[in-house]
Amino acid sequence: IQILGTNNPTFARSNAPGHSAGMAADGDEQTFWQPAPTDKAPQWVLDTERGITLKRVEVTLGSATDDVTVSISNDGGYYIQLAHYDRAPQKIIIEHNDLTMRFLKLNFGSSENAKIIEAKVFGWLED
């Protein structure tokens, strides 16, 4: 199993000053992404830049957070929901086998408490 996604491209609908999207996938647990406080539907995306076979997703949030959805995609357009949490724990761990993906997306119901400290994808590179 490989850890994939560290320092790969990231995208967010908005960023709070000093907390850009890349900080949630930089391998540093002292940095984090946070949306702008005015963002009504925050979204964060990781592009692994290649197809992978997914084994596990780990996301560390700033704290337990309401209304969080975790999804994956092969093309960045059509997403499959892996999990939805009415109340997400601070550490989200989702185990899966035999799903292929390239993009990981997190959607939040509001900007309140939306904060990603680190997101990691574990799996194998596709041939």
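Observations
- Simple label model, 7 Å out from Cα along Cβ direction - TRP124 to ARG56, nm: 1.7
- Length added when fully stretched, ALA36-GLU95, from 0.36 nm per residue minus Cα-Cα: 18.2 nm
- Computed from point charges on the beta carbon alone (+1 for Lys and Arg, -1 for Asp and Glu), the dipole magnitude for segment 47-127 about its Cα centre is near 160 Debye.
- Members of LYS40/LYS91; LYS40/LYS105; LYS40/LYS120 lying beyond 20 Å, as alpha-carbon distances in this model show: LYS40/LYS91; LYS40/LYS120
- For the chain, share of DSSP beta bridges that run antiparallel, in % to the nearest 5: 100
- Model label zone, ILE3; criterion: amide N under 19 Å from point 7 Å along Cα-to-beta-carbon; scope segment 109-127: 116-125
Taken together, the values in this text are just the output of simple stated rules run on the coordinates, not laboratory data. Computed from a predicted model, the values in this text were never measured in an experiment. Here the Cβ is made from the backbone with ideal geometry for all residues, glycine too, and neighbour counts use every protein chain on show.
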